[in-house]
Amino acid sequence: MNGEAPARRRRVGLDNYGLFPLDLSPIQTLEWAAARGADGVAFSGLTSTWQDRMDAHALAAVRDVACGHGLYLEWGGAQHIPRDMTSWARKDLAAINRLAAQQAAALGATIVRSCSGGLMRWDARNPSTDLLLRDTAEALRSQRTMLCDHGVCLAIETHFEFSSFELLRLFDMCDAEPGDWLGICLDTMNVMTMIEHPVLAAERLLPWVVSTHVKDGGVLATPEGLVTFPVAAGDGIVDLTAIIHRLDALDRPVHLSVEDHGGSFLLPIHDEGFLARFPDMTGAELRAMLQLAEATQSRPACRPIDRTDWPAVCEARIAADLAAVRELAGSVPGTREVSS
């Protein structure tokens with residue numbers, strides 16, 4: 001032995017969102033994952049039917065099944081923008097996030113994913129991003145003690161609310177530090193919908209990443225603008241290997257939770273008003289996105305699937321995603337073992 005610690009085994013699991021069409025209970029989701037060799041499940045949310053059943057007994061049962069299979073658990077159901085995303089009326093998030101934190105603590109989970117919706121800057125009539133950032137910082141600062149008391153980190157997903165640049169400003173506004181009570185759930189494909197190159201966005205947010213949605217995707221140039229979309233792992237142009245390699249540089253293990261779904265998103269980049277609502281975007285990053293569009297065009301398998309077609313293929317595709325990401329993670333050079 002040369003004194004070096006063994007390489008860390010990357011734990012590859014799944015996010016339950018892609019399996020929503022199956023209407024599985026949390027325990028059925030764990031069983032589905034275990035049967036396909038997953039290392040864990042990130043429950044980014046539950047349908048209202050199953051959420052209403054998550055009493056102390058149900059949570060204990062979920063924890064027991066996860067422990068029995070040796071699966072990691074991450075939880076969801078939290079939000080960070082304290083407004084109704086349709087009416088924009090003020091909304092108190094304290095009870096919502098306290099429930100999510102309580103459930104996570106009962107499960108022994110330390111990560112609670114937060115998502116509020118997004119795509120608000122696609123409509124110029126909506127509140128400004130700066131206003132929503134201030135509202136979010138105010139709401140989250142008031143929840144710091146509660147989250148710490150429950151031993152959880154609120155992992156804000158790279159969704160369609162804030163860019164990576166804005167999320168970093170938000171953490172500064174909250175006086176937060178990496179590895180504490182606020183973090184990032186890095187969705188490797190969603191960042192493209194915010195006109196960000198996946199690897200560059202991952203590098204910017206890296207110190208804050210505590211969980212992931214490992215998702216491949218593509219981007220196509222159309223007369224209306226760029227269209228982004230998820231695809232099966234390995235069929236897209238997201239450099240998942242490079243991102244996983246960067247995650248290995250962290251001083252804590254981060255689970256690789258596969259997420260996949262149908263649908264696509266139009267980015268009307270020819271509209272100067274739309275682009276102006278991304279003040280941190282640089283010409284270099286936009287050019288990088290256009291290069292990704294060229295790469296997507298050359299890959300016939302890298303095309304979107306309609307959301308209405310997703311239920312018929314979700315099981316097969318997520319199973320294939322798990323296998324692909326397991327193989328991918330095994331091919332990335334390891335780093336030193338870090339205790340969890």
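GLY151: modelled with pLDDT under 95, of a type outside the set (Asp, Glu), part of a loop (DSSP other than H, G, I, E, B) and under 18 Å from ALA105 (Cα atoms), yes or no?
On the way: modelled with pLDDT under 95: no; of a type outside the set (Asp, Glu): yes; part of a loop (DSSP other than H, G, I, E, B): yes; under 18 Å from ALA105 (Cα atoms): yes.
No: the conditions fail for GLY151.
Looking only at the stretch 198-209, decide whether some residue is crowded, with 20+ Cβ neighbours inside 10 Å, more than 16 Å from the chain's Cα centre (by Cα), hydrophobic (A, V, I, L, M, F, W, C) and not in a helix (DSSP H, G or I). No, the stretch 198-209 has no match at all. Among the residues of the stretch 137-157, the ones that are more than 14 Å from VAL112 (Cα to Cα) and touching a strand residue (DSSP E or B) at 6+ places or on another chain (Cβ under 9 Å) come to 0 in all. Tallying residues that are touching a residue at least 24 places away in the same chain (Cβ under 8 Å), out of contact with any Lys or Arg (no Cβ under 6 Å at 6 or more places or on another chain) and not acidic (Asp, Glu) within the stretch 73-89 yields 9. For the stretch 14-39, a tally of residues being over 17 Å from GLU74 (Cβ atoms) and touching a strand residue (DSSP E or B) at 6+ places or on another chain (Cβ under 8 Å) returns 0. Total residues in the stretch 272-284 satisfying the condition of being farther than 27 Å from THR212 by Cα and loosely packed, with under 14 Cβ neighbours inside 10 Å: the figure is 4.
Is it the case that GLY330 is on the phi > 0 side of the Ramachandran plot and either surrounded by fewer than 17 Cβ atoms within 10 Å (Cβ to Cβ) or in a loop (DSSP other than H, G, I, E, B) (or both)?
On the way: on the phi > 0 side of the Ramachandran plot: no; either surrounded by fewer than 17 Cβ atoms within 10 Å (Cβ to Cβ) or in a loop (DSSP other than H, G, I, E, B) (or both): yes.
Here the answer is no, as GLY330 does not meet what is asked.
Being of a type in the set (Lys, Arg), touching an Asp or Glu at 6+ places or on another chain (Cβ under 9 Å) and buried (at least 17 other Cβ atoms within 10 Å of the Cβ) holds for only one residue in ARG299, ARG317, and it is ARG317.
Taken over the stretch 172-195, the criterion of being part of a loop (DSSP other than H, G, I, E, B) and within 15 Å of the chain's Cα centre (by Cα) is satisfied by THR188, MET189, MET194.
Applying the condition of being in contact with a Phe, Trp or Tyr (Cβ under 6 Å, 6 or more places away or on another chain) and free of Cβ contacts under 8 Å to residues at least 60 places away in the same chain to the stretch 218-267 and asking which residue is surrounded by the fewest Cβ atoms within 10 Å (Cβ to Cβ) yields SER264.
For the stretch 31-50, the candidate set comprises residues that are under 25 Å from SER116 (Cα atoms) and surrounded by 14 or more Cβ atoms within 10 Å (Cβ to Cβ); within that set, the residue that is farthest from the chain's Cα centre (by Cα) is TRP50.
The values are calculated or read from the model by the stated rules, or taken from the named source; none is laboratory data. In this text the structure is predicted, and so the values were computed from the model without any measurement. Glycine gets a Cβ as well: all are built from the backbone with ideal geometry, and neighbour counts include every protein chain shown.
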